[in-house]
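Have a look at the structure below, then the notes.
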Amino acid sequence: MIASVAFFRTTKRDACEMDTNYDVIVMGGGTAGLVAAIQAARAGASTLLVEKNGMLGGTMTVGGINYPGLFFVEGQQIIAGIGWELVRKTLEEMGKPIPGSGQKVRHIWVNVALFAAIADEAVLSSGAELLLHTMLAAVTRENERWRILLCTKTGLQETFARVLIDATGDATAVSLAGYETVRHPITQPATLSFLCSGYDAEKLDHAALQAATEVAVSAGELRWTDVSWYHGGPERLLKLRGANANHVRAPDADTSEGRTRAEIEGRRALLRMYRFLRKQPGLERFTIDAVCPEIGIRETVTIRGKQTITVEDYESGRLFEDAVCYAHYGIDEHLNDGEGIRSRPLKPGIRPTIPRSALLPLGSRFLIVAGRCLSSDREANSALRVQCPCMAMGQAAGAMAALSARSGLDPEELPMSEIRALLRAHGAIVPGD
(Lines give C-alpha, C1' and ligand atoms only; values in the text may rest on other atoms or scores of the structure.)
Protein backbone atom coordinates (compact mmCIF):
# COMPACT_ATOMS: atom_id res chain seq x y z
CA MET A 1 0.00 0.00 0.00
CA ILE A 2 1.35 3.42 -0.95
CA ALA A 3 1.21 6.04 1.76
CA SER A 4 0.32 9.68 1.37
CA VAL A 5 3.10 12.19 1.86
CA ALA A 6 4.11 14.39 4.80
CA PHE A 7 6.38 17.36 4.13
CA PHE A 8 7.75 20.41 5.88
CA ARG A 9 5.85 23.48 4.78
CA THR A 10 7.42 26.56 6.34
CA THR A 11 9.50 27.46 9.32
CA LYS A 12 6.49 29.41 10.63
CA ARG A 13 4.36 26.29 10.94
CA ASP A 14 7.33 24.10 11.83
CA ALA A 15 5.24 20.94 11.51
CA CYS A 16 4.67 18.06 9.11
CA GLU A 17 1.42 18.23 7.20
CA MET A 18 -0.21 15.84 4.78
CA ASP A 19 -0.48 16.75 1.12
CA THR A 20 -0.63 14.79 -2.11
CA ASN A 21 -1.33 17.47 -4.75
CA TYR A 22 0.90 20.30 -5.94
CA ASP A 23 0.99 22.75 -8.78
CA VAL A 24 4.72 22.13 -9.20
CA ILE A 25 7.12 19.41 -8.05
CA VAL A 26 10.85 19.97 -8.48
CA MET A 27 13.06 16.89 -8.45
CA GLY A 28 16.58 17.81 -7.34
CA GLY A 29 17.73 20.53 -4.94
CA GLY A 30 21.03 21.53 -6.51
CA THR A 31 21.79 24.98 -7.87
CA ALA A 32 19.06 24.72 -10.53
CA GLY A 33 16.37 22.97 -8.50
CA LEU A 34 16.47 25.04 -5.33
CA VAL A 35 16.17 28.25 -7.36
CA ALA A 36 13.36 26.75 -9.46
CA ALA A 37 11.39 25.83 -6.35
CA ILE A 38 11.80 29.26 -4.77
CA GLN A 39 10.70 30.99 -7.97
CA ALA A 40 7.65 28.77 -8.48
CA ALA A 41 6.51 29.22 -4.87
CA ARG A 42 7.09 32.97 -4.84
CA ALA A 43 4.96 33.18 -7.98
CA GLY A 44 2.09 31.57 -6.09
CA ALA A 45 2.36 27.92 -7.09
CA SER A 46 2.03 25.21 -4.45
CA THR A 47 5.48 23.68 -4.74
CA LEU A 48 7.35 20.65 -3.45
CA LEU A 49 11.14 20.38 -3.66
CA VAL A 50 12.57 16.84 -3.42
CA GLU A 51 16.29 16.23 -2.85
CA LYS A 52 18.21 12.94 -2.51
CA ASN A 53 20.84 14.34 -0.12
CA GLY A 54 20.45 15.85 3.33
CA MET A 55 21.55 19.29 2.14
CA LEU A 56 20.51 21.63 -0.67
CA GLY A 57 23.03 23.15 -3.07
CA GLY A 58 24.35 20.19 -5.03
CA THR A 59 27.89 20.73 -6.28
CA MET A 60 28.17 23.96 -4.26
CA THR A 61 27.70 22.12 -0.98
CA VAL A 62 27.91 18.31 -1.03
CA GLY A 63 30.30 18.50 -4.01
CA GLY A 64 32.56 21.15 -2.48
CA ILE A 65 32.73 23.46 -5.50
CA ASN A 66 31.65 26.49 -3.49
CA TYR A 67 32.74 29.24 -5.86
CA PRO A 68 30.04 29.76 -8.48
CA GLY A 69 30.75 31.50 -11.77
CA LEU A 70 30.00 33.61 -13.62
CA PHE A 71 27.56 36.28 -12.50
CA PHE A 72 29.66 39.05 -14.04
CA VAL A 73 31.34 39.32 -17.43
CA GLU A 74 33.63 42.17 -18.45
CA GLY A 75 32.34 44.24 -15.54
CA GLN A 76 28.67 43.65 -16.42
CA GLN A 77 26.27 41.50 -14.42
CA ILE A 78 24.51 39.03 -16.70
CA ILE A 79 22.95 36.66 -14.14
CA ALA A 80 21.07 37.97 -11.11
CA GLY A 81 17.72 37.02 -9.60
CA ILE A 82 17.28 34.36 -6.95
CA GLY A 83 20.64 32.63 -7.38
CA TRP A 84 22.46 35.92 -6.92
CA GLU A 85 20.23 36.72 -3.93
CA LEU A 86 21.35 33.50 -2.19
CA VAL A 87 25.02 34.19 -2.87
CA ARG A 88 24.70 37.84 -1.81
CA LYS A 89 23.01 36.88 1.47
CA THR A 90 25.76 34.35 2.15
CA LEU A 91 28.44 36.97 1.54
CA GLU A 92 26.64 39.36 3.88
CA GLU A 93 26.60 36.71 6.63
CA MET A 94 30.31 36.14 6.02
CA GLY A 95 31.01 39.86 6.34
CA LYS A 96 32.42 39.94 2.82
CA PRO A 97 31.99 42.77 0.28
CA ILE A 98 29.31 42.35 -2.38
CA PRO A 99 30.72 42.51 -5.92
CA GLY A 100 29.08 44.89 -8.33
CA SER A 101 29.07 45.94 -11.96
CA GLY A 102 32.25 47.62 -13.12
CA GLN A 103 34.41 45.28 -11.03
CA LYS A 104 36.53 42.41 -12.29
CA VAL A 105 34.69 39.41 -10.83
CA ARG A 106 35.01 35.74 -11.69
CA HIS A 107 34.28 33.00 -9.19
CA ILE A 108 32.84 34.06 -5.83
CA TRP A 109 33.82 31.94 -2.83
CA VAL A 110 31.00 31.23 -0.36
CA ASN A 111 30.91 29.37 2.94
CA VAL A 112 29.23 25.98 2.41
CA ALA A 113 27.47 25.77 5.78
CA LEU A 114 26.06 29.28 5.51
CA PHE A 115 24.94 28.86 1.90
CA ALA A 116 23.15 25.60 2.72
CA ALA A 117 21.34 27.14 5.71
CA ILE A 118 20.35 30.22 3.69
CA ALA A 119 19.07 27.95 0.91
CA ASP A 120 16.87 26.09 3.43
CA GLU A 121 15.55 29.38 4.76
CA ALA A 122 14.80 30.76 1.29
CA VAL A 123 12.97 27.63 0.14
CA LEU A 124 10.82 27.37 3.25
CA SER A 125 10.05 31.09 3.52
CA SER A 126 8.93 31.08 -0.13
CA GLY A 127 6.09 28.76 0.89
CA ALA A 128 7.58 25.73 -0.90
CA GLU A 129 7.66 22.40 0.90
CA LEU A 130 10.88 20.46 1.23
CA LEU A 131 11.55 16.72 1.40
CA LEU A 132 15.17 15.53 1.79
CA HIS A 133 16.59 12.01 1.66
CA THR A 134 14.13 11.07 -1.07
CA MET A 135 14.51 9.83 -4.64
CA LEU A 136 12.22 9.38 -7.60
CA ALA A 137 10.91 5.85 -8.14
CA ALA A 138 8.42 6.32 -11.00
CA VAL A 139 6.63 9.04 -12.94
CA THR A 140 3.65 8.79 -15.28
CA ARG A 141 1.22 11.23 -16.86
CA GLU A 142 -2.36 10.53 -15.77
CA ASN A 143 -5.52 12.62 -16.11
CA GLU A 144 -3.67 15.85 -16.92
CA ARG A 145 -1.39 15.44 -13.90
CA TRP A 146 1.97 13.87 -13.16
CA ARG A 147 1.70 10.87 -10.86
CA ILE A 148 4.99 10.76 -8.99
CA LEU A 149 6.14 7.85 -6.86
CA LEU A 150 8.77 8.84 -4.31
CA CYS A 151 11.12 6.51 -2.48
CA THR A 152 11.38 7.80 1.09
CA LYS A 153 13.09 6.31 4.13
CA THR A 154 9.74 4.88 5.22
CA GLY A 155 8.69 3.43 1.87
CA LEU A 156 7.09 4.41 -1.41
CA GLN A 157 4.83 7.45 -1.31
CA GLU A 158 2.62 8.89 -4.05
CA THR A 159 1.95 12.49 -4.95
CA PHE A 160 0.71 14.49 -7.95
CA ALA A 161 1.70 17.68 -9.78
CA ARG A 162 0.39 19.74 -12.65
CA VAL A 163 3.94 20.58 -13.77
CA LEU A 164 7.13 18.63 -13.15
CA ILE A 165 10.63 20.12 -13.16
CA ASP A 166 13.55 17.72 -13.60
CA ALA A 167 16.57 19.30 -11.91
CA THR A 168 18.29 16.01 -11.09
CA GLY A 169 21.25 16.77 -13.37
CA ASP A 170 20.82 13.28 -14.82
CA ALA A 171 17.41 13.68 -16.54
CA THR A 172 16.06 11.02 -14.16
CA ALA A 173 12.42 12.16 -14.36
CA VAL A 174 12.65 12.60 -18.13
CA SER A 175 14.00 9.07 -18.57
CA LEU A 176 11.45 7.49 -16.22
CA ALA A 177 8.66 9.33 -18.04
CA GLY A 178 9.80 7.69 -21.28
CA TYR A 179 11.35 10.64 -23.10
CA GLU A 180 14.61 10.42 -25.01
CA THR A 181 18.00 11.29 -23.58
CA VAL A 182 21.40 11.47 -25.28
CA ARG A 183 24.27 9.39 -23.94
CA HIS A 184 27.78 9.80 -25.33
CA PRO A 185 30.34 6.97 -25.29
CA ILE A 186 32.83 9.18 -23.41
CA THR A 187 31.94 11.59 -20.63
CA GLN A 188 33.98 14.03 -18.62
CA PRO A 189 35.67 12.63 -15.49
CA ALA A 190 34.43 13.48 -12.03
CA THR A 191 36.33 15.08 -9.13
CA LEU A 192 36.28 14.16 -5.45
CA SER A 193 37.15 17.29 -3.50
CA PHE A 194 38.66 17.13 -0.04
CA LEU A 195 40.49 19.27 2.50
CA CYS A 196 44.08 18.49 3.50
CA SER A 197 46.69 19.99 5.81
CA GLY A 198 49.87 19.19 7.76
CA TYR A 199 52.41 20.86 5.46
CA ASP A 200 53.66 24.16 4.07
CA ALA A 201 53.13 24.17 0.31
CA GLU A 202 55.64 27.00 -0.19
CA LYS A 203 58.47 25.02 1.41
CA LEU A 204 58.01 21.85 -0.63
CA ASP A 205 60.36 20.81 -3.44
CA HIS A 206 57.79 20.50 -6.20
CA ALA A 207 60.33 19.39 -8.80
CA ALA A 208 61.28 16.48 -6.56
CA LEU A 209 57.58 15.70 -5.99
CA GLN A 210 57.05 15.63 -9.76
CA ALA A 211 59.90 13.17 -10.17
CA ALA A 212 58.60 10.99 -7.32
CA THR A 213 55.16 11.00 -8.90
CA GLU A 214 56.60 9.70 -12.18
CA VAL A 215 58.31 6.85 -10.33
CA ALA A 216 55.16 5.94 -8.36
CA VAL A 217 53.02 5.96 -11.51
CA SER A 218 55.53 3.76 -13.33
CA ALA A 219 55.49 1.33 -10.39
CA GLY A 220 51.68 1.15 -10.42
CA GLU A 221 51.36 2.64 -6.94
CA LEU A 222 49.67 5.81 -8.17
CA ARG A 223 47.77 7.20 -11.14
CA TRP A 224 48.48 10.61 -12.60
CA THR A 225 44.84 11.56 -12.12
CA ASP A 226 45.05 10.80 -8.37
CA VAL A 227 47.08 13.97 -7.87
CA SER A 228 46.44 16.03 -10.99
CA TRP A 229 44.11 16.72 -13.90
CA TYR A 230 47.00 15.98 -16.24
CA HIS A 231 50.45 14.34 -16.29
CA GLY A 232 51.85 16.53 -13.56
CA GLY A 233 52.82 16.35 -9.94
CA PRO A 234 50.70 17.25 -6.93
CA GLU A 235 51.74 20.93 -6.77
CA ARG A 236 48.33 22.30 -7.72
CA LEU A 237 46.54 19.84 -5.42
CA LEU A 238 48.71 20.81 -2.47
CA LYS A 239 48.38 24.54 -3.04
CA LEU A 240 44.59 24.23 -3.37
CA ARG A 241 44.43 22.02 -0.27
CA GLY A 242 42.65 19.31 -2.25
CA ALA A 243 39.80 21.31 -3.77
CA ASN A 244 38.79 20.33 -7.31
CA ALA A 245 42.20 18.83 -8.10
CA ASN A 246 41.83 15.19 -9.21
CA HIS A 247 40.08 13.25 -11.96
CA VAL A 248 38.03 10.08 -11.55
CA ARG A 249 36.47 8.30 -14.51
CA ALA A 250 32.72 8.10 -14.01
CA PRO A 251 30.88 6.36 -16.87
CA ASP A 252 27.12 5.89 -16.50
CA ALA A 253 27.03 8.08 -13.39
CA ASP A 254 23.33 8.75 -14.00
CA THR A 255 22.68 5.23 -12.66
CA SER A 256 23.06 3.98 -9.09
CA GLU A 257 25.52 1.35 -10.30
CA GLY A 258 27.65 3.87 -12.17
CA ARG A 259 27.57 6.38 -9.34
CA THR A 260 28.56 3.67 -6.85
CA ARG A 261 31.60 2.79 -8.97
CA ALA A 262 32.57 6.46 -9.20
CA GLU A 263 32.26 7.05 -5.44
CA ILE A 264 34.33 3.95 -4.63
CA GLU A 265 36.99 4.80 -7.20
CA GLY A 266 37.17 8.36 -5.87
CA ARG A 267 38.00 7.11 -2.40
CA ARG A 268 40.49 4.57 -3.78
CA ALA A 269 42.23 7.42 -5.57
CA LEU A 270 42.24 9.42 -2.35
CA LEU A 271 43.86 6.55 -0.46
CA ARG A 272 46.55 6.05 -3.13
CA MET A 273 47.29 9.78 -3.05
CA TYR A 274 47.46 9.81 0.76
CA ARG A 275 49.84 6.85 0.98
CA PHE A 276 52.12 8.33 -1.67
CA LEU A 277 52.28 11.84 -0.23
CA ARG A 278 52.97 10.68 3.32
CA LYS A 279 56.25 9.15 2.07
CA GLN A 280 57.53 12.42 0.57
CA PRO A 281 59.89 14.88 2.32
CA GLY A 282 57.94 17.69 3.95
CA LEU A 283 54.68 15.74 3.80
CA GLU A 284 55.25 13.29 6.65
CA ARG A 285 52.37 14.91 8.56
CA PHE A 286 50.08 15.22 5.55
CA THR A 287 46.50 14.50 6.55
CA ILE A 288 43.03 14.51 5.03
CA ASP A 289 40.81 16.63 7.27
CA ALA A 290 37.52 16.24 5.38
CA VAL A 291 36.14 14.78 2.18
CA CYS A 292 33.01 15.80 0.32
CA PRO A 293 30.11 13.38 0.82
CA GLU A 294 29.48 13.21 -2.92
CA ILE A 295 31.82 13.06 -5.88
CA GLY A 296 31.40 15.97 -8.27
CA ILE A 297 29.89 14.74 -11.55
CA ARG A 298 30.43 16.93 -14.60
CA GLU A 299 28.52 15.06 -17.29
CA THR A 300 26.09 12.17 -17.64
CA VAL A 301 23.27 12.52 -20.18
CA THR A 302 21.34 15.37 -21.80
CA ILE A 303 17.74 15.49 -22.91
CA ARG A 304 16.65 15.37 -26.52
CA GLY A 305 15.02 18.78 -26.47
CA LYS A 306 12.76 20.76 -28.72
CA GLN A 307 15.86 22.86 -29.47
CA THR A 308 19.49 21.80 -29.04
CA ILE A 309 22.13 24.43 -28.24
CA THR A 310 25.18 23.79 -30.41
CA VAL A 311 28.69 25.00 -29.69
CA GLU A 312 28.29 27.32 -32.68
CA ASP A 313 25.17 28.82 -31.09
CA TYR A 314 26.99 29.19 -27.80
CA GLU A 315 30.26 30.67 -29.01
CA SER A 316 28.54 33.09 -31.40
CA GLY A 317 26.32 34.41 -28.60
CA ARG A 318 23.17 33.54 -30.51
CA LEU A 319 20.15 35.42 -29.17
CA PHE A 320 17.36 32.85 -29.40
CA GLU A 321 13.84 34.14 -29.99
CA ASP A 322 12.70 32.28 -26.88
CA ALA A 323 15.77 33.11 -24.78
CA VAL A 324 15.02 33.03 -21.04
CA CYS A 325 18.46 33.74 -19.55
CA TYR A 326 22.13 34.33 -20.25
CA ALA A 327 25.04 31.97 -19.68
CA HIS A 328 28.74 32.66 -19.73
CA TYR A 329 31.70 30.33 -19.30
CA GLY A 330 34.48 29.22 -21.61
CA ILE A 331 34.39 25.80 -23.23
CA ASP A 332 35.63 23.60 -20.39
CA GLU A 333 35.86 19.92 -21.30
CA HIS A 334 37.71 17.82 -18.75
CA LEU A 335 39.33 14.96 -20.66
CA ASN A 336 38.66 11.35 -19.79
CA ASP A 337 42.19 10.18 -20.74
CA GLY A 338 44.04 12.02 -17.99
CA GLU A 339 45.41 14.68 -20.32
CA GLY A 340 43.83 17.64 -18.54
CA ILE A 341 41.26 20.03 -19.94
CA ARG A 342 40.36 21.21 -23.43
CA SER A 343 39.33 24.81 -22.91
CA ARG A 344 38.92 28.02 -24.82
CA PRO A 345 37.47 31.31 -23.66
CA LEU A 346 34.57 33.11 -25.26
CA LYS A 347 35.45 36.10 -27.41
CA PRO A 348 34.98 39.54 -25.84
CA GLY A 349 31.43 40.83 -26.03
CA ILE A 350 29.85 37.41 -26.50
CA ARG A 351 26.79 36.78 -24.32
CA PRO A 352 25.33 33.30 -24.97
CA THR A 353 21.64 32.71 -24.23
CA ILE A 354 19.56 29.71 -23.21
CA PRO A 355 16.22 29.21 -24.98
CA ARG A 356 13.04 27.88 -23.41
CA SER A 357 12.95 25.13 -26.06
CA ALA A 358 16.25 23.65 -24.82
CA LEU A 359 14.60 23.07 -21.43
CA LEU A 360 11.64 21.12 -22.86
CA PRO A 361 12.02 17.40 -23.68
CA LEU A 362 10.97 16.53 -27.21
CA GLY A 363 7.37 15.32 -27.30
CA SER A 364 6.65 16.21 -23.69
CA ARG A 365 4.00 18.41 -22.08
CA PHE A 366 4.10 20.10 -18.68
CA LEU A 367 7.66 18.84 -18.15
CA ILE A 368 10.64 21.19 -17.82
CA VAL A 369 14.35 20.52 -17.34
CA ALA A 370 16.78 22.80 -15.52
CA GLY A 371 20.48 22.20 -15.01
CA ARG A 372 23.32 20.48 -16.77
CA CYS A 373 21.16 17.97 -18.65
CA LEU A 374 19.52 20.64 -20.83
CA SER A 375 19.49 19.93 -24.56
CA SER A 376 22.97 20.86 -25.82
CA ASP A 377 25.87 19.26 -27.64
CA ARG A 378 28.91 18.12 -25.66
CA GLU A 379 31.08 21.19 -26.21
CA ALA A 380 28.30 23.65 -25.42
CA ASN A 381 27.30 21.56 -22.42
CA SER A 382 30.83 21.74 -20.99
CA ALA A 383 30.18 25.45 -20.42
CA LEU A 384 26.43 25.45 -19.76
CA ARG A 385 26.79 22.89 -16.93
CA VAL A 386 28.41 25.32 -14.48
CA GLN A 387 26.56 26.76 -11.51
CA CYS A 388 25.50 30.28 -12.50
CA PRO A 389 23.81 29.25 -15.77
CA CYS A 390 22.12 26.43 -13.83
CA MET A 391 20.77 28.97 -11.33
CA ALA A 392 19.51 31.17 -14.17
CA MET A 393 17.78 28.36 -16.04
CA GLY A 394 16.37 27.10 -12.72
CA GLN A 395 14.67 30.45 -12.18
CA ALA A 396 13.32 30.37 -15.73
CA ALA A 397 11.98 26.85 -15.20
CA GLY A 398 10.29 27.87 -11.95
CA ALA A 399 8.66 30.86 -13.61
CA MET A 400 7.38 28.80 -16.52
CA ALA A 401 6.08 26.09 -14.21
CA ALA A 402 4.12 28.57 -12.07
CA LEU A 403 2.59 30.25 -15.12
CA SER A 404 1.77 26.90 -16.71
CA ALA A 405 0.10 25.56 -13.57
CA ARG A 406 -1.95 28.74 -13.22
CA SER A 407 -3.06 29.03 -16.86
CA GLY A 408 -3.31 25.40 -17.90
CA LEU A 409 -1.07 26.15 -20.87
CA ASP A 410 1.87 23.90 -21.64
CA PRO A 411 5.20 25.71 -21.04
CA GLU A 412 5.81 25.80 -24.80
CA GLU A 413 2.49 27.65 -25.29
CA LEU A 414 3.13 30.39 -22.74
CA PRO A 415 3.62 33.89 -24.17
CA MET A 416 7.31 34.77 -23.87
CA SER A 417 6.29 38.25 -22.71
CA GLU A 418 4.63 36.76 -19.60
CA ILE A 419 7.61 34.54 -18.76
CA ARG A 420 10.05 37.43 -19.09
CA ALA A 421 7.83 39.79 -17.11
CA LEU A 422 7.66 37.34 -14.22
CA LEU A 423 11.42 36.83 -14.30
CA ARG A 424 12.05 40.58 -14.23
CA ALA A 425 9.65 40.96 -11.32
CA HIS A 426 11.86 38.56 -9.35
CA GLY A 427 15.13 40.24 -10.19
CA ALA A 428 16.35 38.12 -13.09
CA ILE A 429 18.22 39.59 -16.04
CA VAL A 430 16.37 38.81 -19.26
CA PRO A 431 18.14 38.62 -22.65
CA GLY A 432 17.35 41.53 -24.89
CA ASP A 433 16.72 44.02 -22.08
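Report the normalised scattering of the range 148-301 as log10 I(q)/I(0) at q = 0.09, 0.18, 0.21 Å⁻¹, calculated by the Debye formula with identical scatterers on the alpha carbons. Log10 of I(q)/I(0), two decimals: -0.39, -1.03, -1.29. Here the Debye sum runs over all C-alpha atoms of the chain as equal scatterers in vacuum, and log10 of I(q)/I(0) at q = 0.09, 0.13 Å⁻¹ comes out as -0.55, -1.12.
Estimated from the Cβ-Cβ distance and a Förster radius of 22 angstrom, the FRET efficiency linking residue 195 and residue 278 is about 0.85. The range 405-428 and the range 309-350 have their alpha-carbon centroids 26 Å apart.
For residue 425 and residue 153, the difference between the fully extended length at 0.36 nm per residue and the C-alpha to C-alpha distance is 94.1 nm. Size of the range 235-346: Rg and Dmax of its alpha carbons, in Å, are 18.5, 59. Place a point 7 Å from the Cα of residue 221 along the Cα-to-Cβ direction; which residues of the range 268-299 have their backbone N under 12 Å from it? Answer for this model: 272-281. Here is the list for the range 290-349: GluC sites (Glu not before Pro) lying in DSSP coil, each with at most 14 other C-beta atoms within 10 angstrom of its C-beta, are 321, 339. For trypsin sites (Lys or Arg not before Pro), the sites in the range 224-286 that DSSP calls loop and that have at most 11 other Cβ atoms within 10 Å are 285. Of the listed residues 166, 19, the order by accessible area with a 1.4 Å probe, largest first, is 19, 166.
Computed from the Cβ-Cβ distance with R0 of 22 Å, the FRET efficiency linking residue 342 to residue 318 stands at 0.50. Sorting the segments 191-200, 103-112 by their mean number of nearby beta carbons within 10 angstrom, highest to lowest, gives 191-200, 103-112.
Measuring between alpha carbons in the structure, the pairs from 104/239; 96/239; 153/306; 96/153; 52/306 lying more than 31 angstrom apart are 153/306; 96/153. P(r) tail for the range 185-266: Cα pairs beyond 23 Å make up 27% of the total. Annotation for the range 30-62 versus the range 97-157: alpha-carbon center distance of 2 Å. For residue 268 and residue 21, the difference between the fully extended length at 0.36 nm per residue and the C-alpha to C-alpha distance is 84.5 nm.
Placing a label point 7 Å from the Cα of residue 101 along the Cα-to-Cβ direction, the residues of the range 45-78 whose backbone N falls under 13 Å from that point are 72-78. For residue 335 and residue 206, the difference between the fully extended length at 0.36 nm per residue and the C-alpha to C-alpha distance is 44.0 nm. A convex hull fitted around the alpha carbon atoms of the range 306-380 yields 94 Å³ per residue. Here the simple spin-label model places points 7 Å from the Cα toward Cβ, and for residue 93 and residue 74 these points are separated by 3.5 nm.
The values are calculated or read from the model by the stated rules, or taken from the named source; none is laboratory data. Values in this document were obtained by computation on a predicted structure and should not be read as measured data. Every residue, glycine among them, receives a Cβ derived from its backbone with ideal geometry; neighbour counts consider all protein chains shown. Protein only, heavy atoms only, side chains kept; ligands, DNA and RNA dropped before computing areas. Shrake-Rupley method; radii C 1.70, N 1.55, O 1.52, S 1.80 Å.
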